[in-house]
């Protein structure tokens, strides 16, 4: 059983890997794509023409809603499957959020807003900032919706996910240097442990 899950910003590569597996005789039980884009100018394929090959048995594609105005300059890969009738299912869904939210990292990328307006008269000028189109809360909600939808599609294809990790609260403080020093991982790399591992010098 081969299963591909796209990492954020790597949907195009996941499709290309599915093509490579096709030529090696492997099938892909499920291909989950999170807002796939083609940003690689070194690949000799015209933008937006990457199709899902026929060795993919089921696929789900989460696209960002263009009304969210997130990364409008990204070349979206949206050609769909080569032979949709041979698949168990092929689903597309649009979500109102940023490109990074669809990839599982809400509010980590761009923050779309309406354009700013500058009014000038003589030597005086006034700039009115644009209003946000997507807020942090909307992006977090979008990311959860995408995750829930993609998990349900994967379950339909017979793929089981581990439980979703907890989301950090927006007001959570990052770990301090003391927290990192006292972490369990760091204790494993402490000087006494190294000395014991190297023969007690």
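None of the figures in this text is laboratory data; all of them are computed from the coordinates on show. Just so you know, these numbers come straight off a predicted model, no measurement behind them. As a convention, Cβ positions derive from the backbone with ideal geometry for all residues, glycine included, and neighbour counts pool all protein chains shown.
The table that follows gives values for the structure above.
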{"item": "Sorted by Cβ density within 10 Å, fewest first, the residues 136, 131", "result": "131, 136"}
{"item": "Relative exposure of 74, 63, judged by other C-beta atoms within 10 Å (fewest first)", "result": "74, 63"}
{"item": "Fewest-first ranking of 33, 13, using other Cβ atoms within 10 Å as the exposure measure", "result": "13, 33"}
